[in-house]
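Contents: one structure, followed by commentary.
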Amino acid sequence: MPAPLLATKITIPPSRRRIILRPRLVERLSDGLAAGHRLALVSAPAGFGKTTLVGEWVAACGRPTAWLSLDEGDSDPGRFLAYLVAALRTVAPGIGEGVLAVLGSPQPPPLESTLTALVNDLSAIPDDVVLVLDDCHVLDARPLDDALVFLVEHLPPRVHLVIATREDPALPLARLRARGQLTELRGADLRFTPDEAAGFLNRVMDLDLSGDEVAALEARTEGWIAGLQLAAISVRGRDDVAGFVASFAGSDRFVLDYLVEEVLARQSGPVQAFLLRTSILDRLCGPLCDAVLPDAPASGQETLESLEHANLFLVPLDHERRWYRYHRLFADLLRQRRQRLAPSSGSLDADHLRASEWYEANGLEIEAFGHAAAGHDVERAERLIDEKGLLLHFRGVVAVRDWLESLPPTVLDASPSLRVRSAMLSLTAGQATGVEEKLQAAEHALRDAGLDVRTRDLIGQIAAARATLAGARNEPDAAIMQARRVIEYLQPGNLSSRCRAQWTAGMAHLARGDRDAAGQAFTDALSLAQASGSVVDITLAATCLGELQELENQLYRAAETYRRVLALVGDQPRPVDYRTYLGLARILYEWNDLDAAEQHAQQGLQLVRQYGRAIDRFILSEVFLARLRLARRDLAGAAALLAVTEQSVRQHGFVQRMPEVAAVQVLTMLQQGDLAGATHLARTYDLPLSRARVHLAQGAPSAALAVLEPFRRRVEERAWANEQLKTRILQAVAFDALGERARAVESLDAALAAAEPGGFIRLFLDEGAPMARLLYEACSRGVHPGYVRQLLAAFPIDGPGEGALSQTSAAGTRMAEPLSAREREVLSLIAEGLTNQEIALRLYLSLHTVKAHARNIYAKLGAGSRTQAVAKGRAQGLLSRASRPVG
């Protein structure tokens, strides 16, 4: 379940009761919008009224506005994305479903991939909208710098981006200026004019300063609004206003230090304590302040309202005046002072822990963890990680990782479980470097510990990390050994970790070719996942079982498994669910439902692309889509897609995936007539079935059989059902090419017996005309007659196979099965020369139904074309001789 979001961060800040309107600046922003500028940048030091100005402008511009107020925690990419989508949804409800789905993934994809999906969603918005990122300077992470560049470069024209910041973001500003795509407002633009300063001091701040006094303050602050506000607060109640104004001087830093001291010194003791102790909070509300200051003389809400009334640097975040924040510069200084005065103003750690307890009680686990970490309560932070599932959330993973990296070695040594968590976080992020060292350090810290329940569980977690690491390194024996150690040491109640261990063992058994052991491991993993209730674990284990069922040619069982998984996932699939979509696509392909197969494959590819191309998961999806293009006779499209995939494989070092790419490249080259290229690939990657195909294409069926027979014996010894089936089919084609028709039909008979329970179709169709001839021969001999007729009916009516089929005479002129009344009606219209579309209109049928009838007619008549079907129909008395000939 995603962590809750603070609604106040995506609410446009309400206008203050009294502000200084700035029409000259509003007009400049509006002019940039009208000119189609991609970006409006409002960049100035703290306290120049950036937020107030942008708020004034969006209220006047008349366009729907998505507003995101950023804070330091948004440097976490997952948190930034979650809030960005939430902000956009205030103007475009329902946008970003795919982005929100991936944030709950155990292994989130690269940020750019997720942003691509979001930008694609934004492209569909019909109306012009404004997106405001306020206080952008608080983002302090290179990935988010790159994310902003990506947004600026790729946002659709209807989305106008406004960035308010204290410092320039890492954007290509020079290029945007040169292209006329940038509106800029700087500190010099935002500074108050003398007239604005006079209005602010006397009307907003309720002072009664002379023109000279206003001019002096304006000159000394250089129109800096926060400086004027601080000066106004300090001036209140003074008898010698002129003397104060005359002495008001110095650089920004010293002026601000002086004014804060003056402000704090003039507040009562309880107010000073409230300001200092609540400065640890990014946002304030009455109940939260009550939790941090349980002994305060007034309620938190009363104090907040009092501070707002006094203009004491408190910014309301909603229209109900429930949530507030301090002016950021004011908050920074309060925190610095709090650090110096912590012993006399209460325990800083204790206040953090009270805040952590309040956040936890209100369902804000990430914030609760942050304050536990800031309060140096390692035990509480660990508990929140375990109990609140922070590691299942992208935002939580980053927060925990940063905390772990900040801990000194002494703390890590005292709590070895922290080192283990750090290792697992690295593996989750796809980083194996340094993992073993962390695990060894954890073991070293445990060397003197007794073998109690906690220690045994930690040993099991270390083994789980090592099993995952071994799997990533393609070391199946080591992975299986460590997985067994996990089961031996982990506590029975640690269901999720035990499930992952069984899943890892299953993958390792598959890598070793032991499918029986893999099936048992996946079954055990699924049982553990179901007991834990983890949807992620259930989908992973069940999908692996489905893949194993595919390998056993149990297509109907596998399809049912995949469909149950997708029903469980619902309408918010995560990147990891790409395997389920791809598995179902493979089965639909075998059942010759190419449209549905492509739809599922594309859905899987969209999910897997969220991982980016730095992880090899996309390769299988692209290889399958290339195979689908071959089935649709799009040789150029298949070759182009495979070329891109191969480039990615080589660029990223995914050499273990190259055989899968090469196998489909061989098929493509053979259809293109490139025998030399196909031969090279089949030999380079030691692909027995591909080598056999090359020999057949070269007219050397004996050489093909010499490759196939030892391979058949090997796969039969291992009981690899899917490979046995493929081998039998190729052996049948090879025997037929050699003229050994009886042995060909015998091999085909064995293949049909293995394929019929699963409903395989494409496995035969993809062999083309040679297989069609064999199937006609099998039909004439009564071999699996119903299944063979179904396969023959699925062969294309026209195209490359037609000529070969028309040469087939094995079926003779006797029908294997009589035509139905509807089929005779369709045959009659074919004889009249009507197209399939015309027949559909004449009989009020769909085009798909007419084509199905035509296939059945051709199969029953043993025909390979319209002309043949009509001729054989006349020969058997099914048509009148007067029928107009076709063609």
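The values are calculated or read from the model by the stated rules, or taken from the named source; none is laboratory data. Keep in mind that this is a model prediction, so the values were computed, not measured. Note that we place each Cβ from the backbone using ideal geometry, even for glycine, and neighbour counts take in every protein chain shown. Quick note on the areas: whole protein, heavy atoms, side chains included, nothing else; ligands and nucleic acids left out. Shrake-Rupley method; radii C 1.70, N 1.55, O 1.52, S 1.80 Å.
Observations, loosely collected:
- If you sort the three axes of the alpha carbon gyration tensor as a ≥ b ≥ c, you get a/c of 1.5 or more for the stretch 714-760 and a/b no higher than b/c, which makes it oblate.
- One equal scatterer on each Cα of the stretch 501-618, no solvent, Debye formula: the resulting log10 I(q)/I(0) at q = 0.10, 0.15 Å⁻¹ is -0.28, -0.66.
- Rounded to the nearest 0.05, the FRET efficiency derived from the C-beta distance between Val644 and Thr684 at R0 = 30 Å is 0.95.
- Computed with a 1.4 Å probe over protein heavy atoms only, the accessible surface of the stretch 446-570 comes to 46 Å² per residue.
- The overall shape of the stretch 461-527, judged from the alpha-carbon gyration tensor, is oblate: a/c is not under 1.5, and a/b is no greater than b/c.
- Cα-Cα pairs of the chain separated by more than 45 Å (percent): 46
- Each Cα pair under 8 Å and six or more residues apart adds its sequence gap; the mean of these over the residue count of the chain is a relative contact order of 7 percent.
- Proximal aspartates and glutamates to Lys9, defined as alpha-carbon separation beneath 12 angstrom and excluding residues fewer than eight positions away on the same chain: Asp71, Asp74, Asp134, Asp135, Asp282, Asp318
- Residues in the stretch 700-763 average 41 Å² of solvent-accessible surface per residue, probe 1.4 Å, ligands and nucleic acids excluded.
- Placing unit charges on the Cβ atoms only, positive for Lys and Arg and negative for Asp and Glu, gives the chain a dipole magnitude near 3480 debye about its Cα centre.
- The protection proxy used here, the mean number of other Cβ atoms lying within 10 Å of each residue, ranks peptides 293-299, 351-357 as follows, highest first: 351-357, 293-299.
- Calculated FRET value between His848 and Gln530, using beta carbons and R₀ = 51 Å, to 0.05: 0.80
- Sorted largest first, the principal axis extents computed over the alpha-carbon atoms of the stretch 1-153 equal 49, 32, 26 Å.
- Full-extension gain in nm, Gln837 to Gln301, via 0.36 nm per residue minus C-alpha separation: 185.5 nm
- Scalar couplings 3J(HN,Hα) for the stretch 317-325, obtained by applying the Karplus form with A = 6.51, B = -1.76, C = 1.60 to θ = phi - 60°, are 10, 8, 6, 8, 6, 9, 10, 9, 9 Hz; x denotes Gly and Pro.
- Cα gyration tensor category, rounded, prolate or oblate, for the stretch 726-793 with a/c compared to 1.5: rounded
- Distance between the stretch 94-160 and the stretch 681-729 - C-alpha centres, whole angstrom: 49
- Accessible surface of the chain [probe 1.4 Å, protein heavy atoms]: carbon and sulfur percent: 51
- With kT/(6 pi eta Rh) evaluated at 37 °C and eta = 0.692 mPa s, and Rh the Kirkwood radius from Cα pairs, the stretch 31-108 diffuses with a coefficient of 221 µm²/s according to Stokes-Einstein.
- In Å, descending, principal axis extents of the Cα set of the stretch 96-145: 34, 27, 15
- With respect to the chain, whose longest principal axis is taken over its alpha-carbon atoms, helix 658-672 is tilted by about 50°.
- Two-decimal Rg/Rh across the stretch 661-740, once Rg and the Kirkwood Rh are taken from alpha-carbon atoms: 0.96
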